[in-house]
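See structure below.
The values are calculated or read from the model by the stated rules, or taken from the named source; none is laboratory data. From a predicted model like this one, the values you see are computed outputs, not experimental measurements. Note: ideal-geometry Cβ built from the backbone for every residue, glycine included; neighbour counts use all protein chains shown.
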Amino acid sequence: MKQSIRQRCLGWALATLIVNFFLLSVPTAAQNNYDIVIANGRVMDPETGLDAIRHVGIRGQSIVAISKEPLQGQTLVDATGLVVAPGFIDLHAHGQSARANDFQAMDGVTTALELESGVIDMQSFLARREGEAVINYGASIAHAALRTWAMPEYADDFSAAVAEVRESGQTDPETWFRLYGVAEHGIYEELDSQHYPELWQRMEAGLHGGALGIGMPHQYYPGASYDEIFRLFQFAAEIEAPIYTHVRDMGIAPMQEVVANAVATGASLHIVHMNSSSLWDYQTNLDLILGAQERGADITTEAYPYTAASTSIQSAIFNDGWQENLRISYEDLQWQDTGERLTEKTFNEYREEGGVLIIHMMKPEWIQAVMADPRVMVASDGMPYAPGAHPRSAGTFSRFLGRYVREQGVLPLMDGLRKITLMPADRLAEIAPQMKRKGRLQLGSDAD
C-alpha cells in the first residue's frame, strides 16, 4: 500500500493583509501593542459571516485581535470606507516569477499556485522561488513531463537535463529550456503500461518533495491513453493526492471522462477553467460536475472572468480541425507580442516559430453564468509575465469583483469573496493543512 500524502511543503513568503498593497501606513505615537493595526475597515470573513466595522491587530504573521474598539500598534493602516478581506488565493497561476508576483499582488492575490500544469522537478522549483517570491507559492507535480521521463527512450536525456538544472543553481533559463524541450518528446506517444510503476515512483517522489497534488492537463499531450488516465486516478486515490486537470478536449465527453474516473476511484479532482473547456456546453458540464459533487464526489471546479483564452500556438489545441472544434477562425486569434489578429498566412508562420496566442472564443453570457454560480471558484489561468499578455495575468480578481459582483450584481460581495478565498483554501486543506489558516479572517489566521 502506498503511503498517504497529507503534509505538504508550500513555499510561504511573508505577506500582510491585502489592504497593505493599496493603503499607506503611518506610525502612531501610542504604545505599540501590535505590529500592525488595520483600523475602521469593513471586516468580512466568508467562513463565519462576520461583516462589520472592526479593528484588526496583527503580530508577526498572525491575526491576534479583531475588536469593536480601537487598537494601538506600531503601524496603523486606516481602512475607513474599505473592505478588509482575506488575501485572494489563485489556484491556477502560470506566472511563477518575482515580476509576475508583483502584478498578482496588486490584484489582491497573496497565494499564487501552479496546479494545472505543475512543475517537473519540485526541488528545482522551490529552490528557484525561495528568496524571490513576494507572495505565497507552490505547485503540483507535472504528469505530462514525468510520463515522458518514464519512457525508456527518453529517460537518460531527461535525467541529464534535470541534473543540469539542479547544478546550474536553478536560475539559468537555457537549462530550463532544454529540460522542457526533452519533456515535450512524449506528447504524442502512448506510455506502455509496463512503465506505469516508474511513473508512479517519480510522482510519489515529487509529492514527498512538496507538490500539492498532480497536474494533469492532458489536452496538451494526446498520447495519454484512456487507460493511463484512469490508472493515474487510481494511483492518486491510493495515496490521497488531488488531481488538477485540464480535460482532454472541449465539450461534454472529456468532462464525463474525468468525473467518471473520480467517482469510480474515489480520487479528489479539481477541474480547471471549466468555461474555456466547455464553451457552449457550459451548462451541461456545470450540471455534470456539481451533480457529482452534490452526491458526495470530491470534485470542484473553477473559471476565469474573461471571454478570451490564451495558450501556445504550437499546442495540440491547434492541430488539424481546430476551427471546427472551437468554432472560430484565424481572425479570432490575436498574437500576444504584437496584438495583431491573424490570417491563415501569419498563423502558419507563427505556428512554425512558436509563441503565445490570445483566443477570442467565448460569449459574455457563458462567463456571466459561471461567475454567478456560488459553487464555482475563480482562478486566473494567468500566463507568465510578458508585455501584451492576456490581462487575466494581472486583473482577474479585480475584474471579477468589479464587473460581476459590484456592477452586474451576480453575487453578494460575501459570496464573491468566498469564491476567491475560503473555497480555494478548503480545496487544498487536506493536502496542505496550513491552508486552514488562510482564506478566512479570524483570530489565529495567517495575516495575508
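Per-structure values
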read-out: Residue that is surrounded by the most Cβ atoms within 10 Å (Cβ to Cβ) [pool: residues in region 96-134 that are of a type in the set (Val, Ile, Thr) and over 19 Å from Leu428 (Cα atoms)]; value: Ile120
read-out: Residue match in region 183-190 (condition: in the same structural domain as Phe318 (by TED's automatic domain parsing), in contact with a strand residue (DSSP E or B) (Cβ under 9 Å, 6 or more places away or on another chain) and under 27 Å from Ala112 (Cβ atoms)); value: yes
read-out: Residues satisfying the stated conditions in region 200-227, i.e. aliphatic (A, V, I, L, M) and closer than 11 Å to Ala144 by Cβ; value: Ile214, Met216, Ala224
read-out: Region 157-177, subset in a helix (DSSP H, G or I) and of a type in the set (Val, Ile, Thr), residue modelled with the lowest pLDDT; value: Thr175
read-out: In region 135-159, residue surrounded by the fewest Cβ atoms within 10 Å (Cβ to Cβ) [restricted to those that are over 20 Å from Phe88 (Cβ atoms) and among the polar types (S, T, N, Q)]; value: Ser159
read-out: Filtered residues of region 63-97 (kept if over 23 Å from Thr245 (Cα atoms), in a strand (DSSP E or B) and either modelled with pLDDT under 95 or not hydrophobic (A, V, I, L, M, F, W, C) (or both)); value: Ser67, Gly73, Gln74, Thr75, Asp78
read-out: Residue among Tyr154, Tyr180, Tyr196 that is closer than 26 Å to Leu232 by Cβ, at pLDDT below 90 and either aliphatic (A, V, I, L, M) or part of a helix (DSSP H, G or I) (or both); value: Tyr180
read-out: Selected residue (only one of Leu146, Leu179, Leu232, Leu207 is in contact (Cβ under 8 Å) with a residue 12 or more places away in the chain and touching a His at 6+ places or on another chain (Cβ under 8 Å)); value: Leu232
read-out: From Ala142, Ala100, Ala112, residue being at pLDDT below 95 and in contact with a strand residue (DSSP E or B) (Cβ under 8 Å, 6 or more places away or on another chain); value: Ala100
read-out: Per-region count, region 288-339, residues more than 25 Å from Ala241 (Cα to Cα) and out of contact with any Asp or Glu (no Cβ under 6 Å at 6 or more places or on another chain); value: 34
read-out: Residues of region 424-448 classified as in a helix (DSSP H, G or I) and surrounded by 22 or more Cβ atoms within 10 Å (Cβ to Cβ), total; value: 5
read-out: Pairs where the first residue, in region 34-56, is free of Cβ contacts under 8 Å to residues at least 24 places away in the same chain and the second is part of a strand (DSSP E or B) and of a type in the set (D, E, K, R), C-beta under 8 Å, 6+ apart; value: Ala52/Arg42; Ile53/Arg42
read-out: Given (1) charged (D, E, K, R); (2) under 25 Å from Gln323 (Cα atoms); (3) part of a helix (DSSP H, G or I), index of the condition Glu189 fails; value: (3)
read-out: Subset of region 320-359 that is without any contact (Cβ under 8 Å) to a residue 24 or more places away in the chain and within 27 Å of the chain's Cα centre (by Cα) - its residue that is surrounded by the fewest Cβ atoms within 10 Å (Cβ to Cβ); value: Trp322
read-out: Members of region 422-448 found to be polar (S, T, N, Q) and within 15 Å of the chain's Cα centre (by Cα), listed by number; value: none
read-out: Pairs with Cβ under 8 Å, 6+ apart, first in region 400-412 and surrounded by 19 or more Cβ atoms within 10 Å (Cβ to Cβ), second assigned to a loop (DSSP other than H, G, I, E, B) and not hydrophobic (A, V, I, L, M, F, W, C); value: Phe400/Pro305; Tyr404/Pro305; Val405/Pro412; Leu411/Pro374
read-out: Test result for Ile367, in the same structural domain as Leu207 (by TED's automatic domain parsing), among the β-branched types (Val, Ile, Thr) and touching a strand residue (DSSP E or B) at 6+ places or on another chain (Cβ under 8 Å); value: yes
read-out: Considering residues of region 43-56 that are closer than 14 Å to Leu417 by Cβ and touching a Gly at 6+ places or on another chain (Cβ under 8 Å) only, the residue surrounded by the most Cβ atoms within 10 Å (Cβ to Cβ); value: Pro46
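Residue-by-condition table, conditions (1) surrounded by 17 or more Cβ atoms within 10 Å (Cβ to Cβ); (2) out of contact with any His (no Cβ under 9 Å at 6 or more places or on another chain); (3) closer than 24 Å to Arg418 by Cβ; (4) not assigned by TED's automatic domain parsing to the domain that holds Asp426:
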site	(1), (2), (3), (4)
Ile58	yes, yes, yes, yes
Ile66	yes, no, yes, yes
Glu69	no, no, no, yes
Gly73	yes, yes, no, yes
